[in-house]
Amino acid sequence: MQIDPSGSRQLLELQLSNVANQTNVSGETTGSSVDFANMMDGLLSADTSSSEASSSTSVGLSKRSSDGLLWLQLGSLYNSDSNTASSSSESVSLSSLTNTGGVDSTSSVPTDFESLIATASAKYGVPESLIKAVIDTESGFNPNVVSSAGAKGLMQLMDGTAAGLGISNAFDPAQNIDAGTKYLSLQLQRFGGEVKMALAAYNAGPGRVSRLGVSNDSELMSVLHLLPAETQAYISKVEKAQSKYTA
C-alpha cells in the first residue's frame, strides 16, 4: 500500500499541534510544528534520495550484468531487464536454438564434385541424386580407381565407351562425369525413363536388357534373375545410395 507523503505530513502536523496545545501555554506550539515540518522535509528528502539511489544502483547492476560474458555469448536471448513474459519467450528461443544445432538428417550429403555434377545434371536432364548414387556405387568418388574389367574413373567407363563418348582422359573428373552422365541419360531415353532398366543397361549393357523383352521396371523385376548377380545387386545399391543424396 502506498501512502501520500503530503497527506501523512498534514496528519502528523495536526496530531503534534493537538499535543502541543495540551502541554504548552506559550508560543512553542508554532515552533514545534515548524520543527516537525522541517524534520518531515528532511525525512521526505532522504526517502526520495534513497529511492533514487536504489534506482541508480539497480540500473548499475543491470548494466553490469549486461556487460558480462554470458550476455556477450547469448546476445538478445538473455536480458536481465526483461519482463517475465519476454523472458519466457526468449527461453523458448534459446531452447530451439540448442535443439537445432545438429545436421538435418534429410539434407543431401555433399561431395567434392558438386559443380561438375550440377553442370552435367542440367546438361543432360539426369537428377543430381542419381548421378551421385551411380558415382558412389561405381567408384566411391575415387577418380583414379580402375576395376578388374578395366573400367576407369568416377563413373567407371570402359575404354570403348569413353572413346565413343569423345573423352580423352577417363581419369579427369570433369570429362568422366560429363561422359558418364551422358551415357546414363541415353539409357534413360532408350528405356522410356524407367530407372531400373536404365541402371541395368548401364551395368550390363543395353543389348542384354533389350533381349529380356520387358518394357518397364515392374516387368524387369519379374525377370531380374535372368541378369548377372552383379547387375541384380547393382540396381538396389544405386537406389539405396540415391536416398543419401536426395534433398
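Once the chain from Asn216 to Thr111 is taken as fully extended at 0.36 nm per residue, the excess over their C-alpha distance is 34.7 nm. Residue by residue, the range 212-223 carries 3J(HN,Hα) couplings of 6, x, 9, 10, 8, 5, 4, 5, 4, 5, 6, 10 Hz when phi is fed to the Karplus relation 6.51 cos²θ - 1.76 cosθ + 1.60 (θ = phi - 60°); x denotes Gly or Pro. Simple spin-label estimate for Arg190 and Lys123 gives 2.0 nm between the two label positions (7 Å along the Cα-to-Cβ direction from each Cα).
Computed over the range 114-245, the alpha-carbon pair-distance distribution with 5 angstrom bins reads 2, 12, 22, 25, 22, 13, 5, 1, each value a whole percent. Projecting the Cα atoms of Ala200, Ile131, Ala241 onto the charge dipole of the range 114-245, computed from C-beta unit charges around the Cα centre, puts Ala200 farthest toward the positive end. 3J(HN,Hα) along the range 117-126: 5, 4, 5, 5, 4, 5, 6, 10, x, 9 Hz, from the Karplus curve 6.51 cos²θ - 1.76 cosθ + 1.60 with θ = phi - 60°, whole Hz, x for Gly and Pro. Peptide packing: for 222-231, 158-167, 186-195, the average count of neighbouring Cβ atoms within 10 Å per residue gives the ranking 186-195, 158-167, 222-231, highest mean first.
Coordinate-derived values only; no laboratory data. In this text the structure is predicted, and so the values were computed from the model without any measurement. Glycine gets a Cβ as well: all are built from the backbone with ideal geometry, and neighbour counts include every protein chain shown.
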